[in-house]
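Asks: Here it is, the structure in full.
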C-alpha cells in the first residue's frame with residue numbers, strides 16, 4: 001500500500017540546508033527594495049485589466065518568500081465583459097514561481113472548487129498541492145468573482161450581517177435560529193441591488209472570461225488550466241467560450257456541465273460505496289471470502305438503523321458505518337487504505353463484533369506505513385540487516401520530527417518578522433482595550449448594539465473618524481477617553497490593520513451567511529433549469545432500485561438538497577443561459593482524473609466527460625477521492641507528465657498500484 005505522501009495530504013518538498021539558510025536570511029534581513037515581480041510592478045501586460053500589488057496572506061513559510069517565490073495582488077476586470085466601460089471588479093490572485101531556472105513559458109492556472117470557496121487565503125494548500133507542477137511551470141491561483149477575497153464590498157452584505165449579530169453568533173455556535181438564513185439571504189440580495197452591483201453577472205460565463213483576462217495580463221498569453229470540482233465546470237466553459245491561449249486542461253474530479261449536480265447529490269456517494277463491492281468482486285479471494293457483499297452491507301445498514309451494535313466507543317449505528325465508509329473521500333482524514341478492511345468490518349458487525357472497526361478507529365491498524373508501524377513489524381530476525389533497518393527507521397522518525405520542528409520555527413519567525421515590519425504592537429493594544437471595554441458594557445442590548453456598529457465599520461474607509469465615532473457612541477466618557485487616546489496613536493497603516501482585523505475576527509459570523517450565499521449566487525442563477533425536487537425524487541428511486549439504498553437514506557439526501565439548494569434558491573432570480581448545459585466538445589488536449597472514492601463528483605462522470613471531448617483522456621484512480629492530486633503521487637505525476645508532452649502516450653500504470661488489497665478472515669491479504 002502507498003505511504004503517507006502517496007495517500008495523504010500533498011506535501012511541499014523537503015528543504016535543503018541551503019534553502020533553509022536562504023529563507024532565514026530573507027526573513028531576518030532588511031526588507032527587499034523591490035519585492036514585486038516585473039509584470040506586477042508594470043501594472044500588468046494588458047492595460048484593459050490593470051494589475052495592483054498586494055501583500056500575500058500569511059503564513060507563507062516554510063516554503064515561500066514573498067517577492068521571490070510568490071507574489072500577490074489583484075486584477076481589475078469588468079463586471080460585465082460585454083460592457084467594459086461599466087463597473088469593475090478586483091480579483092485577488094497569487095503567482096507561485098517555477099522552481100526551475102529555465103521554466104516553460106505556459107503557466108498553469110488553478111481553478112478552485114465551490115462555487116463559492118476561494119483559494120487565495122490558503123497559500124500553503126496551493127503551494128503544496130501544485131509543488132510538482134512548479135518544477136517546470138509557474139502556477140497562478142485566483143479567487144473567482146464574488147468569492148472570498150474577490151468579493152467586493154457591494155457583495156459582502158455588511159449591513160445585512162450587522163443587522164442581527166446576536167442571531168449570527170448563535171448560528172455560528174451551532175444553534176438553530178429559525179428563519180435566519182432566509183432573512184439574511186433576502187436582505188443580502190436587496191443590499192447588493194441597492195449598491196448598483198449586478199448580481200446576474202456572478203456566473204460561470206463571466207468567470208471564464210476572467211480566467212483569460214487574468215492569465216493574459218499576468219504575462220501568460222499561452223497557459224494551461226487545472227480545475228478541481230466546480231473548477232472543472234469553469235474550465236469547460238473556458239474551453240468553450242474563452243479558449244484564446246488555452247493550451248491544455250486537467251479536469252480533476254469532474255462535474256460535466258450537462259449533469260444536474262444538485263438533483264444527483266447522493267449519486268457520487270452511491271457510486272463510491274458500490275465501487276467497494278465491485279473491487280471485492282473483481283478480486284477472486286475477496287469475492288470468495290465475502291460473497292454477496294453489497295446485499296449484506298445494505299442489509300446490515302438497515303438493521304443498524306434500529307438495532308445498533310455495541311462497541312467500547314459507543315453504539316455502532318447506521319450513521320456511524322455510513323460516515324466511516326463515506327469519510328474515505330476526505331484526504332485530511334487519511335483513510336486511504338480503509339477500503340481493504342471494510343468487507344471484514346461488515347462481516348464482523350453482522351456477528352455483533354467490532355474488533356477490526358475498533359482497531360481502525362483507535363489507530364491500531366496503520367492504513368499507511370510509518371516509521372513507527374514499520375518498526376513494530378520488524379520481529380523475528382536479529383541479523384545485521386535488521387539492525388541497519390531499525391537504525392534507518394529511527395532516523396526516519398527523527399527526520400519527520402525535525403521537519404515538523406523546522407516548519408514551526410520558520411512559521412513563527414515569519415510571523416514575528418511580519419509583526420515587527422507592520423508595527424502591530426499599538427494595534428494589539430487598541431484591540432485588547434476595545435474588547436475589554438465591549439465586554440464591560442452594562443447589558444446584552446448595549447453589547448448587541450456595539451457589535452452591529454463594529455461590523456458596519458467595514459463599509460467605510462479605513463480611517464480614524466469612524467473609529468472615534470464608534471467609541472463616542474458606545475462607551476462612557478472615561479472609557480471613551482482611554483480608547484480615543486489609543487486610537488489616535490495609530491498610523492494610517494495601523495488603522496488599515498484594525499479594519500482588516502474586523503473581518504478576520506468575525507469570519508465565523510460572516511460564514512453563517514456567505515458560505516452558502518456565495519455558492520447560491522452561481523447555482524441558483526444558472527443551474528435551476530436542470531435541477532428540481534422532482535429530479536431528485538427520480539434519482540432517489542434509481543438509487544433504491546440500482547444501488548440497494550434504503551428509502552430512509554435517500555430521503556435524508558433529498559432533505560439536504562432541499563434545505564441547501566431548492567429552498568434558498570427561491571429568493572434568487574434565475575438567469576439560465578442557452579447552451580450552458582450542452583456537453584462541451586472543444587478539441588483541446590484534456591486529461592480527466594477521477595477517483596473511485598469521490599463522494600462529490602460521481603466516478604462515472606469521468607467517462608461521460610471524455611465521451612464528448614475529441615482530445616480527452618481518462619485515468620480512473622482507485623483509493624482516491626475528491627481532488628485526486630491530494631490522494632496520490634500518481635495523480636500529481638500524471639498531471640505533470642501530461643502538461644509536459646500533450647501528444648505523448650501517458651504511462652498510467654501507477655493507477656493500478658493504488659487498487660486495495662482486502663483483509664481476509666484468516667488475517668492475510670488478498671494480494
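Since every read-out is calculated from the coordinates, none of them should be taken as a lab result. Everything quoted here is computed from the prediction, not taken from an experiment. Virtual Cβ from ideal backbone geometry, glycine too; neighbours counted across all protein chains shown.
Asks: Gain in length, residue 398 to residue 121, computed as 0.36 nm per residue apart minus the alpha-carbon separation, to one decimal in nm?
Replies: Full extension of this stretch gives 96.6 nm more.
Asks: Right, something else. Length gain on complete extension for the stretch residue 661 to residue 362, per 0.36 nm per residue less the alpha carbon to alpha carbon distance? Display every interim value, and only then the final one.
Replies: Values: separation 299, 0.36 × 299 = 107.64 nm, distance 2.10 nm.
Taking 0.36 nm per residue and subtracting the Cα distance, the gain is 105.5 nm.
Asks: In the chain, what percentage of the DSSP-assigned beta bridges are antiparallel, given to the nearest 5?
Replies: On the way: 19 of 45 bridges.
In the chain, DSSP labels about 40 percent of beta bridges as antiparallel.
Asks: Sorted by mean Cβ packing within 10 Å, highest first, what order do the peptides 649-658, 454-463, 614-623 take? The partial results should precede the final answer.
Replies: Working: 649-658: 13.9, 454-463: 16.5, 614-623: 20.2.
My ranking of the peptides, most packed first, is 614-623, 454-463, 649-658.
Asks: Let me ask something else about it. In nanometres, what is the gap between the two model label sites at residue 28 and residue 388, each 7 Å from Cα along Cα-to-Cβ?
Replies: Result for the modelled spin labels: 3.8 nm.
Asks: At 7 Å along Cα-to-Cβ for each site, give me the label-to-label distance between residue 55 and residue 504 in nm.
Replies: Each label point lies 7 Å from its Cα, and together they span 0.8 nm.
Asks: Please arrange 368, 112, 216, 83 by how many other C-beta atoms lie within 10 Å of their C-beta, fewest to most. Provide the component values of the computation, followed by the final result.
Replies: Values: 368 17, 112 25, 216 20, 83 11.
Fewest-to-most ranking of 368, 112, 216, 83: 83, 368, 216, 112.
Asks: Just report the Cα centroid separation between region 60-95 and region 226-253, whole Å.
Replies: About 19 Å separates the Cα centre of region 60-95 from the one of region 226-253.
Asks: Rank these for me by crowding, 395, 202, going from fewest to most other beta carbons within 10 Å. Could you put the intermediate results ahead of the total?
Replies: Values: 395 11, 202 27.
Sorted ascending by nearby Cβ count, the order is 395, 202.
Asks: Could I ask something else about it? For residue 515 paired with residue 295, estimate the spin-label separation in nm (one decimal), with each label point 7 Å from Cα along the Cα-to-Cβ line.
Replies: 4.2
Asks: Here is a further query. Work out how much length residue 585 to residue 310 would gain on full extension: take 0.36 nm times their residue separation and subtract the Cα-Cα distance, in nm to one decimal. Can you show the working numbers first?
Replies: On the way: separation 275, 0.36 × 275 = 99.00 nm, distance 5.33 nm.
93.7 nm is the gain from fully extending residue 585 to residue 310.
Asks: List the residues of region 134-159 whose backbone N lies under 16 Å from a point placed 7 Å from the Cα of residue 194 along the Cα-to-Cβ direction.
Replies: Those under the cut-off are 153-159.
Asks: With r defined as the distance between the Cβ atoms of residue 101 and residue 567 and R0 fixed at 51 Å, what FRET efficiency is calculated, to the nearest 0.05? Intermediate values should be presented prior to the final figure.
Replies: Details: r = 55 Å, r/R0 = 1.07.
E between residue 101 and residue 567, to the nearest 0.05, is 0.40.
Asks: Suppose R0 equals 35 Å; then what is the FRET efficiency for residue 83 and residue 604 from their Cβ-Cβ distance, rounded to the nearest 0.05?
Replies: E(calc), rounded to 0.05, equals 0.30.
Asks: How many angstrom lie between the C-alpha centres of region 531-570 and region 295-363?
Replies: If we compute the Cα centre of each part, the gap is 24 Å.
Asks: I've got another one for you. Could you point to the label whose value was computed as mean projected area of the Cα convex hull in nm² for the structure here, given [x] 38.4; [y] 33.2; [z] 30.3?
Replies: Given [x] 38.4; [y] 33.2; [z] 30.3, the calculated one carries the label [y].
Asks: Give the distance, in whole Å, between the Cα centre of region 424-502 and the Cα centre of region 254-280.
Replies: Between the Cα centre of region 424-502 and that of region 254-280, the gap is 50 Å.
Asks: Follow-up. Can you give the Kirkwood hydrodynamic radius for region 290-368, in Å, rounded to one decimal and based on Cα pairs? Can you show the working numbers first?
Replies: Details: mean 1/r = 0.0782 Å⁻¹.
Kirkwood radius, region 290-368: 12.8 Å.
Asks: Please order 643, 142, 499 by the number of other Cβ within 10 Å, starting at the fewest. Don't jump to the answer; show the numbers that get you there.
Replies: Working: 643 22, 142 29, 499 16.
In increasing order of surrounding Cβ atoms, one gets 499, 643, 142.
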